[in-house]
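To start, the structure itself, in structure tokens.
The values are calculated or read from the model by the stated rules, or taken from the named source; none is laboratory data. Small disclaimer: the values here were computed from a predicted structure and weren't measured. Here the Cβ is made from the backbone with ideal geometry for all residues, glycine too, and neighbour counts use every protein chain on show. Side chains included, ligands, DNA and RNA excluded: accessible areas come from the protein's heavy atoms. Shrake-Rupley method; radii C 1.70, N 1.55, O 1.52, S 1.80 Å.
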Amino acid sequence: WDNADFSRGVGTTFYQEFSTLNTAKPPFILDVEAKVRRYLRSSYSAVWTLKITWEKAPVYAARTDTHKTVTYQAVLTTDGFRSYILMLYQDGGMQWDYTRLTSTNVLIGYT
């Protein structure tokens, strides 16, 4: 795991909140619910979801290379009782050169 560095004006971070208690659910939320059901083999109906996107994020320190970027998302969702996170990475989108990172024990995900 390494830090993204937006200090050079390359890349952006944005978020979108979905409150779906007693409202129609957009296709994105239906997809999140389907993923949770499929991966966990349980019923799930989201009442709140937060999608955070890091787009074209350069690796820390950006002064060394702002051309190799990565785009990824974290989707936090809850039904009011259980909460989940989906970590989504653009297919083929990991452009960081892990051999040049300050840390050599590189991971994708969370613990």
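If you go through the stretch 31-47 one residue at a time, how many are over 14 Å from L86 (Cβ atoms), surrounded by 13 or more Cβ atoms within 10 Å (Cβ to Cβ) and of a type outside the set (V, I, T)?
Step one: of the stretch 31-47, the residues over 14 Å from L86 (Cβ atoms) are 41-43, 45, 47.
Keeping just the survivors that are surrounded by 13 or more Cβ atoms within 10 Å (Cβ to Cβ) gives 45, 47.
Next, only the ones that are of a type outside the set (V, I, T) stay: 45.
Here the count works out to 1.
For the stretch 11-30, name all the residues that are aromatic (F, W, Y) and open to solvent by 70 Å² or more (accessible area, probe 1.4 Å). First the steps, then the outcome.
Within the stretch 11-30, the subset aromatic (F, W, Y) is 14-15, 18, 28.
Within the stretch 11-30, F14, Y15 qualify.
Among the strands (runs of 3 or more DSSP E) lying completely within the stretch 14-89, list those that include at least 2 residues that are β-branched (V, I, T). Spell out how you get there, then give the answer.
Working: elements: 48-58, 69-78, 83-89.
Here the list reads 48-58, 69-78.
Would it be correct to say that Y84 is in contact with a Leu (Cβ under 7 Å, 6 or more places away or on another chain) and either surrounded by 15 or more Cβ atoms within 10 Å (Cβ to Cβ) or of a type in the set (S, T, N, Q) (or both)?
no
Any residue at all in the stretch 64-72 that's free of Cβ contacts under 8 Å to residues at least 24 places away in the same chain, open to solvent by 30 Å² or more (accessible area, probe 1.4 Å) and of a type in the set (F, W, Y)?
no
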